[in-house]
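In what follows, a single structure is set out as structure tokens and then discussed.
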Amino acid sequence: MTIGQGVHRADGRSKVTGHALYVDDLQPPGCLYGATVRSPHAHAEVLSITRDPDFDWTDITLVTAADIPGRNCVFLMTEDQPALAAERVLHVEEPVALVAAPSRERAALAAKHVVVEYRELTPLFDAGSAEGNDSVIFAPDNVFKRIRIDKGDPSQVSAGRVIEGTYTTGLHEQLYIECQGMLAMPRDDGGLTITGSLQCPYYITKAIGKLLGPDYEAPGRINVVQACTGGGFGGKEEYPSMVAAHAALLALATGKPVKLIYKRDEDLRATTKRHPCAIRIRTRVDDAGHLLSFECDMVVDGGAYNTLTPVVLSRAVIHATGPYRCKHVRIDGRAVATNTPPNGAFRGFGAPQAHFAAERHMDRIARELCMDPVVLRRRNLLVDGDLSATGQEMLDVGAAQVLDAALAAAESEPPALPDLPGGGLGVTRQLRGRGVSLVFHGCGFTGNGEAALKGKVALELVDGQVRILTGSTDIGQGTRTVFPQIVAQELDLSLDQVLVVEPDTAQVPDSGPTVASRTAMVVGGVCQQAAKKLADALALEVGRDAPFAELLAERTSDMPLRVEHVYADDGSLTWDPDTYQGDAYPTYGWNCNVVDLTVDLETGAVLYQRLVTATDIGRALNPVLASGQIEGGALQGLGWATQEEVVLDDARRMRNDRLTNYIIPTSLDAPELHTVLVEIPYEGGPFGAKGLGEIPLDGPAAAVAQAIEQAAGAVLDALPMTPERVLEALP
Amino acid sequence: MKLAFTLNGQPVEAEAPPAARLLDLLRETLGVTGSKEGCGEGECGACSVLIEGRSVCSCLVPAAQAHGADIVTIEGLHGPDGALHPVQQAFLDHGAAQCGICTPGFVVTAAELMDRGGKWTRADIREALAGNLCRCTGYQKIIDAVAEVLDAER
């Protein structure tokens with residue numbers, strides 16, 4: 001029995017002893033170091049790129065767009081983003097040239113001596129006026145994606161009272177502790193191996209196949225290996241393709257291994273962040289607080305290139321109502337282009353923004369109706385059989401259960417705050433408050449996404465061990481531990497008989513990207529099905545049916561026995577991507593946050609005392625890993641709520657590009673986290689598991705806002721709720 | 001500049017440029033890569049090592065200060081037989097390592113707390129570890145692990 005056990009991480013020993021190898025720990029002989037020359041302008045023509053004649057270039061290689069052997073694009077959903085800007089830069093910090101040098105210091109120095117002449121153009125920064133603007137960033141009208149959801153007809157509802165509000169959220173940085181990094185090594189056979197810090201190895205093979213020219217387009221010419229990865233949170237979903245493209249171009253140009261490792265300041269300024277969002281909600285509610293109609297207008301700022309923005313918008317609009325029932329819904333979402341660094345994947349992927357707005361709007365309704373916010377939520381929350389905004393019949397709904405579980409766990413007194421340095425000597429006025437938020441999160445890809453993706457896993461029986469071959473990566477969340485638990489459970493083996501092979505695209509199949517709360521639930525499910533196939537294959541080989549371990553002991557062949565399984569749904573889900581009606585996700589996770597905090601009326605600072613979360617994750621495959629992931633996501637949510645603010649200069653470059661001034665929570669900022677796991681099984685997931693990676697970040701910020709309001713009467717509808725903003729909002 | 005010091009119980013000699021950082025001496029010159037760089041300015045603590053038993057950010061320490069010193073990195077904490085240090089074992093048992101990039105710094109810092117001895121509360125531990133950043137765990141399991149090792153009061 002391994003499922004449900006908090007077994008040690010498979011990679012735990014190597015991590016606690018410092019032996020785990022991250023990309024910057026790899027030091028191949030003769031390795032060169034890369035550096036990136038970036039635009040200082042938000043919008044400009046590139047007139048020329050030349051070498052400073054006073055600098056010694058003898059040991060330096062310079063690469064510009066003109067040196068790209070193939071197509072100048074880092075392919076993702078579209079082909080709009082170049083690897084190196086050729087004629088025009090569309091955002092500050094956009095890469096325009098690369099250098100390679102024998103040392104990091106020489107590379108950094110050489111990058112400063114690349115002379116780029118620009119002609120500045122007027123930038124477009126305001127997402128609100130981007131659509132149809134004369135300055136075209138993304139053809140034809142600066143709109144990456146429009147989505148409209150219609151259910152019923154809100155215009156026909158005239159009963160109840162109208163309650164309206166506008167909610168905004170700002171940029172948010174993933175802040176993985178290991179910066180972006182890639183190592184590109186030319187292979188003896190003329191191919192190229194790229195090793196790095198990444199979530200999605202197959203994104204990279206697809207992104208750079210055409211970039212390197214026809215020599216590298218054939219299968220197997222490029223292989224991508226995931227090094228031990230020091231956190232991702234979405235930040236290592238798509239941006240690593242850019243870093244890999246650059247490292248690869250330099251490796252090709254020099255014929256040598258090239259390592260490209262970002263420093264923290266460059267990583268903060270240049271890489272993707274959570275999309276800023278402006279959301280207007282207009283509802284009609286009856287006197288008892290029931291939602292009669294729900295209308296929502298949402299503008300998402302995608303930055304200068306498309307990246308994954310359409311999908312972020314998709315998740316945002318689907319979650320726009322929060323976990324509540326409403327018959328008449330209209331949601332209008334637009335993701336637009338601005339001359340700012342592209343925004344991209346970050347844990348939650350649009351849902352945290354949508355939930356902050358929806359939950360704050362529920363608080364507004366409660367305020368206007370003089371109702372308890374929890375009572376209001378209870379009256380509206382989804383139950384089994386209700387229809388969501390996309391018309392999906394909701395099943396395995398855990399909304400009420402997580403609300404009950406969190407409130408019950410929060411009944412005990414929260415721990416007292418330690419005395420503050422300086423003490424305050426009793427004159428500091430501090431008020432305590434409690435806030436509650438309720439969220440849901442679709443697990444896996446939207447609609448037909450999984451069926452279209454066809455994630456594949458292979459299992460091999462070699463030397464009495466089952467080897468799992470998967471493109472799903474472990475970025476700290478525990479893939480390398482949970483997949484063996486699933487397979488060992490299915491085959492009734494001990495855990496030491498199952499292992500995950502190093503993710504190398506030369507060996508492992510494409511299981512789909514490691515994103516979207518899909519790895520344990522969807523790819524874990526594929527592992528389970530593959531294990532069943534392996535059992536059948538072994539029985540066939542041995543010639544009789546018996547427990548797997550017994551047949552394994554009898555097996556005499558030393559040939560590997562290999563099976564593959566590809567994801568296939570049962571056809572019960574229907575989804576219309578044009579009308580956004582149907583089964584948006586195979587199932588949903590549910591989560592409630594109860595935060596206790598203190599607002600300092602002198603400084604506006606918010607001090608967290610305790611955060612209780614209750615999360616329905618279907619089945620806790622490994623409760624230690626599951627609760628650990630929930631706790632980490634929850635603290636990212638608390639950081640987003642009050643501490644983490646990206647400050648921009650006139651070119652929309654991040655000014656606070658250091659850990660000294662982009663403040664993530666420390667162990668002192670973090671409250672005690674009380675984590676309750678609720679298990680309402682989903683029969684489509686392995687042993688009932690639902691996805692859980694993202695949902696913990698969706699709700700804390702709204703709970704904090706409600707608690708601040710309860711404590712001090714300050715109503716905040718914009719994130720982050722920094723001390724300055726809290727002070728300003730105090731009545 | 002020629003440096004001689006003790007690293008993880010072994011005498012070592014190394015050549016380093018005058019302005020070199022201890023972190024680079026360890027990682028680049030000596031190939032001892034367990035200590036990580038997260039920020040390069042002493043904010044994240046991923047590069048923490050013990051110098052004469054005190055945890056310091058090796059990105060802020062000039063390599064020259066290693067001369068004659070006793071330095072222990074994450075690689076030097078476990079026993080010669082591979083037995084884990086109590087802090088390492090507690091991190092494993094409590095699931096306190098996720099992505100693992102901050103783990104060496106936390107383990108080294110917590111090992112110093114253990115050597116200091118004395119009575120600890122969870123609030124004390126939170127304060128003592130506030131110089132190390134983690135983005136995966138929310139610190140809960142790290143505090144749990146260290147509290148167990150230090151036999152802390154709740």
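What follows is calculated from the coordinates using simple rules that are stated; it is not laboratory data. Just so we're clear, the structure is a prediction, and the values are computed from it rather than from any experiment. As a convention, Cβ positions derive from the backbone with ideal geometry for all residues, glycine included, and neighbour counts pool all protein chains shown.
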Original post:
How do the peptides A:93-100, A:545-552, A:40-47 rank, highest first, by the average count of neighbouring beta carbon atoms within 10 Å per residue?
Top reply: A:93-100, A:40-47, A:545-552
**OP:** Quantify how strongly other chains surround peptide B:26-38 by giving the mean number of their Cβ atoms within 10 Å of each of its Cβ atoms.
**Re:** 4
Original post:
Quick one: in the range A:74-225, what % of C-alpha pairs are over 20 Å apart?
Top reply: 71
**OP:** Order by neighbour count: A:558, B:124, fewest other Cβ atoms within 10 Å first, most last.
**Re:** A:558, B:124
Original post:
Which whole number of Å³ per residue matches the convex hull of the alpha-carbon atoms in the range A:339-468?
Top reply: 348
Original post:
What is the mean number of Cβ atoms from other protein chains located within 10 Å of the Cβ atom of each residue in peptide A:223-233, rounded to a whole number?
Top reply: 3
**OP:** In whole Hz, with x marking every Gly and Pro, tabulate ³J(HN,Hα) for the range A:374-386 from phi via Karplus 6.51 cos²θ - 1.76 cosθ + 1.60, θ = phi - 60°.
**Re:** 6, 4, 4, 5, 4, 5, 10, 5, 5, 10, 3, x, 5
**OP:** About the Cα centre of the range A:449-566, how large is the charge dipole given +1 on each Lys and Arg Cβ and -1 on each Asp and Glu Cβ? Please answer in debye to the nearest 20.
**Re:** 360
**OP:** Just order A:525-532, B:62-69 by mean Cβ neighbour count inside 10 Å, highest at the front, would you?
**Re:** A:525-532, B:62-69
**OP:** Throw me the Rg/Rh for the range B:86-150, computed over C-alpha atoms with Kirkwood Rh, two decimals.
**Re:** 0.91
Subject >> Cα centroid of the range A:429-463 to Cα centroid of the range A:65-89, whole Å >> reply: 32
Original post:
Toward the positive end of the charge dipole of the range A:534-648, about the Cα centre and with charges on Cβ (Lys, Arg +1; Asp, Glu -1), which of A:621, A:573, A:647 goes farthest?
Top reply: A:621
Original post:
Which trypsin sites (Lys or Arg not before Pro) in the range A:111-189 pass both tests, a DSSP loop state and at most 14 other beta-carbon atoms within 10 Å?
Top reply: A:187
Subject >> Fewest-first sequence of A:58, B:6, A:470 by Cβ atoms within 10 Å of each Cβ >> reply: A:58, B:6, A:470
Original post:
Arranged by the count of other C-beta atoms within 10 angstrom, fewest first, what order do A:662, A:682 take?
Top reply: A:662, A:682
**OP:** Mind running the shape call on the protein assembly as shown? Use the C-alpha gyration tensor, a ≥ b ≥ c as the square roots of the eigenvalues: rounded below 1.5 for a/c, prolate if a/b tops b/c, oblate otherwise.
**Re:** rounded
Original post:
How high is the relative contact order of chain A, in percent, with contacts defined as C-alpha pairs under 8 Å that are six or more residues apart?
Top reply: 16
Original post:
Residues with amide H under 5 Å of residue A:587's amide H, sequence separation 5 or more or different chain, H placed in the peptide plane at 1.01 Å from N; which?
Top reply: A:443
Subject >> Cα centre as origin, Lys/Arg/Asp/Glu Cβ charges: the protein assembly as shown dipole, Debye >> reply: 620
Subject >> log10 of Debye I(q)/I(0), alpha-carbon scatterers only, for the range B:2-73 at 0.11, 0.13, 0.21 Å⁻¹ >> reply: -0.21, -0.29, -0.80
Subject >> Cα-based equivalent ellipsoid of the range A:449-566: semi-axis lengths in Å, sorted from largest, via gyration tensor >> reply: 25, 14, 13
**OP:** With N denoting the number of residues in the range A:126-175, provide Rg(C-alpha) divided by 2.2 N^0.38 Å, to two decimal places.
**Re:** 1.73
Original post:
Under a 5 Å amide H to amide H cut-off, with H placed in plane at 1.01 Å, what residues pair with residue B:48 once short-range neighbours are removed?
Top reply: B:36, B:58, B:105
**OP:** Could you pull out every residue, at least 5 positions away or on a different chain, whose amide H is within less than 5 Å of the one on residue A:96? Hs are placed 1.01 Å off N in the peptide plane, and Pro or chain starts have none.
**Re:** A:37, A:38, A:39, A:85
Subject >> Residue-count net charge about residue A:694 - beta-carbon cut-off 13 Å; Lys, Arg +1, Asp, Glu -1 >> reply: +3
Subject >> Radius 12 Å from Cβ of residue A:600, net charge of other residues (Lys, Arg +1; Asp, Glu -1) >> reply: +1
Original post:
Considering only the other residues whose Cβ falls under 12 Å of the Cβ of residue A:235, what net charge follows from Lys and Arg at +1 and Asp and Glu at -1?
Top reply: 0
**OP:** Return the average number of partner chain Cβ atoms within 10 angstrom of each residue Cβ along peptide A:626-637.
**Re:** 5
Original post:
How large is ³J(HN,Hα), in whole Hz, for each residue of the range B:34-47 in order, when computed from phi with the Karplus curve 6.51 cos²θ - 1.76 cosθ + 1.60 and θ = phi - 60°, using x for Gly and Pro?
Top reply: x, 7, 10, 9, x, 9, x, 9, x, 8, 9, x, 5, 9
